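The values are calculated or read from the model by the stated rules, or taken from the named source; none is laboratory data. The model shown is predicted, which means the values in this text are computed figures rather than measured ones. FYI the Cβ positions are ideal-geometry reconstructions off the backbone, even for glycines, and counts take in every protein chain you see.
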Amino acid sequence: MIFRKTEESHKFELAYYRWALDQWSQEVESELPLLRAVNSYRARFLVQMLEPLPQERQIQIGRLLGMSCHIQAARELEPPLQPEERELIERINADSWKMYDREAWTRLARKMPNPAVWPLLKKEARGPIEEVLGTKRERLGRNSWYYRTPVGRWSIGTEIAFGSGGCDMHCAHDIDPIGAGGARLAYELGVMSCLGVSGNKWDCLSEEDVPNAVAGLVLVSRRFIESAPAFLPK
């Protein structure tokens, strides 16, 4: 989310949207690695929906999801959505909620969120994630970490929370200028939300799921940090 409207934040908003579209093209060409890495109901639904479709159709749907997330930037850079495109987005949203409802028994049976996996997630995640984000870690609470990673003249803050928001793990990024006196550029960003999918969330985890969840956390965090120069104001 953009923190406040300035000339600099406007440039960031447009660049971030262009990056989202580029990420969708890469995602489709690479057989959806990011969607497969994030274990949320929305990501699972989109993998099932997109897999049988031709790549051209997958990219088209990805573009529509990106437009629905980056509304202001899309209004400036894209022609208006056609009625059939709006209908498709609404159908995707409705069908993904149906999947959420179908999985309700799983969430209840596995006691989602599952506190038993949080210590294991923290144990397994710390080393690999600090290779990406650095070791400047703050505690926001018993089950929440916050890292600050410098990228150019910006500081990317990454919160990793365990058991927050009804899921076992989630990750989100803030962007602030380095040094005193500057205003926050954006907050609660992430690769999945950028793609118009959902947040970077992992739910319904068991102990057996922890290695894949940690690998997914590292993947989406690395993609965001390493790509940041492409959308951050110079």
*When you scan region 129-143, how many residues do you find that are free of Cβ contacts under 8 Å to residues at least 60 places away in the same chain and either among the hydrophobic types (A, V, I, L, M, F, W, C) or within 14 Å of residue 172 (Cα to Cα) (or both)?*
1
*Filter region 69-92 for residues that are closer than 19 Å to residue 12 by Cβ and not in a loop (DSSP other than H, G, I, E, B) and give the result.*
69, 71, 72, 73, 74, 75, 76, 77
_Residue, surrounded by the most Cβ atoms within 10 Å (Cβ to Cβ), within region 138-171, restricted to residues that are closer than 15 Å to residue 213 by Cα and not charged (D, E, K, R)_ = 169
*asked:* If I ask for residues that are touching a Ser or Thr at 6+ places or on another chain (Cβ under 7 Å) and among the hydrophobic types (A, V, I, L, M, F, W, C), which ones from region 168-183 would you list?
replied: 171, 178
*Which listed residue is modelled with pLDDT under 95, closer than 26 Å to residue 195 by Cβ, surrounded by fewer than 18 Cβ atoms within 10 Å (Cβ to Cβ) and polar (S, T, N, Q), from 135, 106*: 106
*Restrict the check to region 203-221 and report whether at least one residue is assigned to a strand (DSSP E or B) and surrounded by 20 or more Cβ atoms within 10 Å (Cβ to Cβ).*
no
*Run residue 192 past the list (1) under 30 Å from residue 64 (Cβ atoms); (2) assigned to a strand (DSSP E or B); (3) at pLDDT below 95; (4) among the hydrophobic types (A, V, I, L, M, F, W, C) and report the number of the one that doesn't hold.*
(2)
*asked:* For region 162-189, which positions are under 16 Å from residue 113 (Cβ atoms) and assigned to a loop (DSSP other than H, G, I, E, B)?
replied: 163, 164, 165, 166, 167, 168
*Looking at (1) closer than 18 Å to residue 18 by Cα; (2) more than 15 Å from the chain's Cα centre (by Cα); (3) surrounded by fewer than 20 Cβ atoms within 10 Å (Cβ to Cβ), which is the one condition that is false for residue 228?*
(2)
*Could you tell me whether residue 200 is in contact (Cβ under 8 Å) with a residue 60 or more places away in the chain and surrounded by fewer than 18 Cβ atoms within 10 Å (Cβ to Cβ)?*
no
*Could you look through region 156-202, keep only residues that are of a type in the set (D, E, K, R) and under 14 Å from the mean Cα position of the chain (by Cα), and pick out the one that is nearest to residue 133 (Cα to Cα)?*
159
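Residue-by-condition table, conditions (1) surrounded by 19 or more Cβ atoms within 10 Å (Cβ to Cβ); (2) over 19 Å from residue 224 (Cβ atoms):
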site: 27; (1), (2): yes, no
site: 31; (1), (2): no, yes
site: 36; (1), (2): no, no
site: 48; (1), (2): no, yes
site: 53; (1), (2): no, yes
site: 65; (1), (2): yes, no
site: 70; (1), (2): yes, no
site: 73; (1), (2): yes, no
site: 80; (1), (2): no, yes
